[in-house]
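Written out below as structure tokens is the structure these notes cover.
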Amino acid sequence: MSVHENAAAFKIELPQAPSFQMAGTLWRVLATGKETGGVVGALDERCAVGPPMHAHDDADEIFYVLDGKLTFFVGERHIEAAPGAFVYLPRYVHHGFRVDSAEAHIFNFVTPAGFERMIVDNGTPAKYDEAPARPDPEQMQRQDIGAFKKLWAKYHMRVFLDENAP
């Protein structure tokens with residue numbers, strides 16, 4: 001039996017997608033591993049800020065920029081991305097990005113699925129048309145770094161908070 005035999009074709013409209021606020025991003029969950037037989041997680045994101053440098057230990061990540069400007073930090077490389085840009089990041093590669101516009105709108109695909117569970121399990125439920133909530137810098141300073149790293153590790157990611165993207 002192939003992995004595809006456990007998944008059924010489906011469609012979701014953006015207003016019906018479960019939506020969550022987390023880490024300066026409004027995440028709209030288009031597909032999880034449950035719907036795709038574990039093949040892919042798909043997220044529509046409106047970002048006010050980007051994530052810290054991190055690596056996925058078990059998944060490749062794909063971004064497609066719909067609106068806004070971003071700079072991806074991939075190892076030592078800086079990749080500028082504007083609407084229409086496709087960015088592929090293989091597993092294990094240290095990466096992050098900075099939002100260079102007021103906001104960015106991107107599609108994010110992770111294969112195999114799994115990362116999207118971090119958002120579903122830990123995000124704050126939101127309305128699909130909310131603006132992304134900017135993180136409070138003072139609250140971020142008080143955050144327990146060990147707990148933050150442990151949370152990311154639960155979803156097979158390593159976060160590198162000592163590496164700051166310029």
- From the phi of every residue in the stretch 51-64, what ³J(HN,Hα) in whole Hz does the Karplus formula 6.51 cos²θ - 1.76 cosθ + 1.60 yield, where θ is phi - 60° and glycine or proline is x? x, x, 4, 7, 9, 9, 7, 9, 8, 8, 10, 10, 10, 10
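Can you tell me the dipole magnitude for the stretch 3-50 around its Cα centre, using point charges on the Cβ only (Lys, Arg +1; Asp, Glu -1), in Debye to the nearest 20?
On the way: 4 positive and 5 negative charges, 21 e Å.
So the magnitude is around 100 debye.
Determine the sum of side-chain charges near VAL65: Lys and Arg each +1, Asp and Glu each -1, restricted to other residues whose C-beta is under 14 angstrom from that of VAL65. List each step's numbers first, then the result.
On the way: positive: ARG46, LYS69, ARG98; negative: ASP44, GLU45, GLU61, ASP67, GLU80, ASP100, GLU103.
Net of charged neighbours comes to -4.
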- Message: So for the chain, averaging the separation of alpha carbon pairs under 8 Å that are six or more residues apart and normalising by length, what relative contact order in percent results?
- Response: 30
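I'd like the chymotrypsin sites (Phe, Trp or Tyr not before Pro) in the stretch 1-83 restricted to DSSP loop residues with at most 13 other Cβ atoms within 10 Å, sorted by number. Let's see the in-between values first.
Details: sites: PHE10, PHE20, TRP27, PHE63, TYR64, PHE72, PHE73; in loops: PHE10.
Passing sites in the stretch 1-83 are PHE10.
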- Task: When a/c is below 1.5 the answer is rounded, else prolate if a/b is larger than b/c, else oblate, so apply that to the stretch 1-113 with a ≥ b ≥ c taken from the square roots of the Cα gyration tensor eigenvalues.
- Result: oblate
- Item | Gain in span if fully extended, ALA133 to LYS11, counting 0.36 nm per residue against the direct Cα distance | 41.2 nm
- Relative contact order computed over the stretch 60-155 (Cα-Cα under 8 Å; 6+ residues apart), in percent: 28
- Item | At R0 = 22 Å, FRET efficiency that the Cβ-Cβ distance of GLU80 and VAL49 yields, to 0.05 | 0.85
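Tell me the net charge near LYS150. Cut-off is 15 Å between Cβ atoms, LYS150 excluded, with +1 for each Lys or Arg and -1 for each Asp or Glu. It would help to have the intermediate numbers written out before the result.
Working: positive: LYS149, LYS154, ARG158; negative: ASP57, ASP121, ASP144.
Overall, the nearby charge balance is 0.
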- LYS69 versus LYS34: modelled label distance in nm, points set 7 Å from Cα along the beta carbon direction: 4.0
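Taking the highest mean first, how do the peptides 89-101, 144-156, 108-120 order by number of other beta carbon atoms within 10 angstrom per residue?
So the order, starting with the most tightly packed, is 108-120, 89-101, 144-156.
Quick note: the coordinates plus some simple rules give every number you see, no bench work behind them. Only a predicted model underlies this, so the values are computations on that prediction, with no experimental measurement involved. Cβ: placed from backbone, ideal geometry, glycine included. Neighbour counts: every protein chain shown.
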